[in-house]
Amino acid sequence: MSLRFKYILFILIIHIVLILVIYQLLEDNKWLFLGSEILVVISLYLSYELYKGFIKPIQLMQSGVDAIADADFSIKYTKTGSVEINNLIETYNQMIDQLREERTLMTGQSYFLKNLIEVTPLGIIIMDYDGKLSNVNPSATKMLGIKDNWNDKRLDQYTNDLIPRILDIENDSPTLIEVNGIDKYKVQINEVVHQGFKRKFILIDDLSTEMLKTQKDAFGKIIRMMAHEVNNSMGAVNSIIDTVVEYGFDENSDPLLKESLQIARDRNLGLGKFMANYASILRLPEPQLQKMDIASILKKSGQLFMARAKELDISIELDIPNHPITITGDKVLLEQAISNMIKNAIESIHNDGDIKITCTEYPTTFTIADNGEGIPDKIAHKIFTPFFSTKPTGQGVGLMLIRDILTSHKTDFTLQTDPNTKWTEFKVIF
C-alpha cells in the first residue's frame, strides 16, 4: 500500500466521520449546519493542498531515482514556489551536475586508458578473478604469437617460448628474459585488488632493439679503436719487412730468415682481414628497399654453393616455387645473408649430408635446413651473441651480420635444432 493511498484514505475517513457527526449534532440548526459543511469543504481543500505539498517532493524524488537508475544524468528540475521543494530541487540538481561531470570524467579516462593500452609498445596482459585472460593488447599478442581469440583462455594454453618463462616469475620481481639468443624482454607481474578480489596483470617490455643498438654502439667503438691501432702498426711493420726482404739480403743470406719475414708479413695481412671482418659489421648500410623476387635469390644462392657442396658429398635440395614471390627488401643485403646461412649449413655438416632450401608464399617464408651437428641446448641462447662462435677459428661475425640484416628488414627469424629430427632450421618470415 503506497503512502499516497494511505494519505487519501485517511483524509476521506476523517471527513466522512466529521460530516456524519455534524449531521447528527447540528441537524436541527440549518445555518450552523451549513457553516459547518463549508468548513468541511475548506478542510478538504486544505487537505488537498497539503497533499500536493507532501506528495510532490515524493514524486520528485521518485522521478530522480528513476532517472539515476536509468543512468540519465541530463534531467534537471526548475524551482517552484515552495521553499522546501526548492531546497530539494537545488540539492538534486547539484548532485546530478556532479554525477554527470564525474561520469564524463570517468568515461574520458576509461577511453584514454583503453586507447593507451592498445597503442603502447609495452605488452600488457590483464587476468580476471579466475586467472583467465581478460585483456591482451596488440603488443602482447605479437610478442607471444597469440593469433586466435584469447577470451576466457589461460596463458598456459599457448606454446610460445616466452610463456613458460613468464609463468615462473614471482610477483613484484622484474625479470630479464632472453629467448633464442635474439629477443630480450623485461617482464614484471603484479596484483591489484578489484571489487574485493585479486587480479593479476603482466607487463612485458621488449628490449631487443634497444639492447642491440646499445650493444652495437659499444663494440663499434672498440672495433674502430682496435682497427685504427692495428692498421697503423701493421702498415708500418709491413713496409719495414718489405724493405728488409728486398734490400737486406744477399745471395749468402739465410733463406729461413727470409721465409720467416715473409710469414710474418702474411700473418700481418691475415690480421688485417681479421679486423676487416669485424669492421664490416659497422659498415653495414641501411637497406635500400625495393620490390624483388626472393624465390630467384634463393635459387641462385643455392646453385652458387652446389659445386662446393658436391666436393664434400653434400646435397643441396631446392623446394622453391617456379613463379616469382615478391617482397620488399634490399637484394644485395639479403643475398649476403642467405649466402652466409648456406655457408654455415655446409660448415655444420662438414662432410656427407643434406641441405634443404624451401620457400612458401603465404606467409612469405624461407627456410634453410641441414642435418649437420646441430645446436646444443646449452648454447642455443648464445648463438646470436656478438663475437660468440663454436668454431676454433671463428670470430662470431657471420651470425651477427645475418641478424643485423634480417632485423633491418623487420623479419621474424629463428635458428634452432629439432630434438626429434635432428635437423637444424634457419627460418625467416617476412
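Looking at this structure, is Ser280 part of a helix (DSSP H, G or I), at pLDDT 75 or above and either touching a strand residue (DSSP E or B) at 6+ places or on another chain (Cβ under 7 Å) or within 30 Å of Gly329 (Cβ to Cβ) (or both)?
It is false that Ser280 is part of a helix (DSSP H, G or I), at pLDDT 75 or above and either touching a strand residue (DSSP E or B) at 6+ places or on another chain (Cβ under 7 Å) or within 30 Å of Gly329 (Cβ to Cβ) (or both).
Filter the range 115-124 for residues that are in a helix (DSSP H, G or I) and either surrounded by 14 or more Cβ atoms within 10 Å (Cβ to Cβ) or within 11 Å of the chain's Cα centre (by Cα) (or both) and give the result.
Ile117, Glu118, Val119
Taking the range 327-340 on its own, how many of its residues are among the β-branched types (Val, Ile, Thr) and assigned to a strand (DSSP E or B)?
2
Do we find that Ser233 is of a type in the set (S, T, N, Q) and at pLDDT below 75 in this structure? Break it down into steps so the answer makes sense when it comes.
Values: of a type in the set (S, T, N, Q): yes; at pLDDT below 75: yes.
Considered against the rule, which asks whether it is of a type in the set (S, T, N, Q) and at pLDDT below 75, Ser233 comes out as yes.
Looking only at the range 148-168, which residues are loosely packed, with under 14 Cβ neighbours inside 10 Å and of a type in the set (S, T, N, Q)?
Of everything in the range 148-168, those that are loosely packed, with under 14 Cβ neighbours inside 10 Å and of a type in the set (S, T, N, Q) turn out to be Asn149, Asn151, Gln157, Thr159.
Name the residue that is farthest from the chain's Cα centre (by Cα), counting only residues in the range 293-326 that are surrounded by fewer than 19 Cβ atoms within 10 Å (Cβ to Cβ) and part of a strand (DSSP E or B).
Per the stated criteria, the residue is Ser315.
Say we look at the range 375-409 and pick out the residues that are under 19 Å from Lys422 (Cβ atoms) and surrounded by fewer than 17 Cβ atoms within 10 Å (Cβ to Cβ); which of these is modelled with the lowest pLDDT?
Top of the filtered list is Thr390.
Out of the residues in the range 327-348 that are out of contact with any helix residue (DSSP H, G or I) (no Cβ under 8 Å at 6 or more places or on another chain) and closer than 19 Å to Leu415 by Cα, state the one that is surrounded by the most Cβ atoms within 10 Å (Cβ to Cβ).
Looking at residues that are out of contact with any helix residue (DSSP H, G or I) (no Cβ under 8 Å at 6 or more places or on another chain) and closer than 19 Å to Leu415 by Cα, I get Ala345.
Looking at the range 125-147, can you tell me whether even one residue there is exposed (fewer than 13 other Cβ atoms within 10 Å of the Cβ), of a type in the set (Asp, Glu) and over 12 Å from the mean Cα position of the chain (by Cα)? Walk me through it before giving the result.
Pass one, the range 125-147, residues exposed (fewer than 13 other Cβ atoms within 10 Å of the Cβ): 130, 147.
Add one more test, that the residue is of a type in the set (Asp, Glu), and what stays is 130.
Still in the list and also over 12 Å from the mean Cα position of the chain (by Cα): 130.
Checked the range 125-147: at least one residue is exposed (fewer than 13 other Cβ atoms within 10 Å of the Cβ), of a type in the set (Asp, Glu) and over 12 Å from the mean Cα position of the chain (by Cα).
The values are calculated or read from the model by the stated rules, or taken from the named source; none is laboratory data. Quick caveat, the model's predicted, so the values are computed rather than measured. FYI the Cβ positions are ideal-geometry reconstructions off the backbone, even for glycines, and counts take in every protein chain you see.
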